[in-house]
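The values are calculated or read from the model by the stated rules, or taken from the named source; none is laboratory data. Keep in mind the model is a prediction, meaning the values are calculated, not measured. Each accessible area value is taken on the protein alone, full model and side chains, heavy atoms only, with ligands, DNA and RNA left out. Shrake-Rupley method; radii C 1.70, N 1.55, O 1.52, S 1.80 Å.
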Amino acid sequence: AASDVYKRQTYTMDETVSRHNIMINNLIEMMMNVADRSNLTLDNNIDNNYLSRVIVEKIPALTELISSAQALGVKITFSTQMYEMDQSKMAYFLNAIDNSLNSLNRSSSLMFVHDKQLQNKFEQYKDTAMTEVISMSGMMDKEFLMAGQVSITPKEVYEKTNRAHEKLYDLAKFGVKLLEERINERYNSLNTSKWLTISMIAAASVVMVYL
């Protein structure tokens, strides 16, 4: 019975990747719903608005595309020959990665235009991540689309794609920390304004009583 259960729960590499993609896409959708319901993505502060979009939409979408390209790349390295269908899929993923990277770059360039110091700090993290992703994409294009025979190993594919993931994670982590600080600053500012307003109303009420 145990062996029957085990057989029912084993999948091919393509099935595993497909199930993984569904799960990750559901998580990304959940993050976006949480951000929308909390009004993060509807923040009237344009910097916070763009920053939250980068964190919950742009970076996760890009990392998922990289993961898909990674899985396909590893599959190709284990094959004895290069299949045209796999090459077509890889071309699709690399094109999608390029478009996603450009989208991330465009959104980031609109942030902190009135705070050059903060803009430069964010740009450092973003540029480091972009450099790693571009390097990874170039390697995959060379190895899987331009070469007639695969010479790269699965380990090298993992190492290259994981470096891109790590730098994107660093960018996301910095973005989350930055957004948290900015939200806390706004909360404290609003809290101070609230109590100032209440104090003014109370003072006016006292004056009215004694007039």
_Cross-link reach list, lysines versus LYS160, counting only Cα pairs under 30 Å and skipping chain neighbours closer than eight places_ = LYS58, LYS75, LYS89, LYS121, LYS126, LYS142, LYS173, LYS177
*Whole-percent carbon and sulfur share, accessible surface of the range 80-135, 1.4 Å*: 50 percent
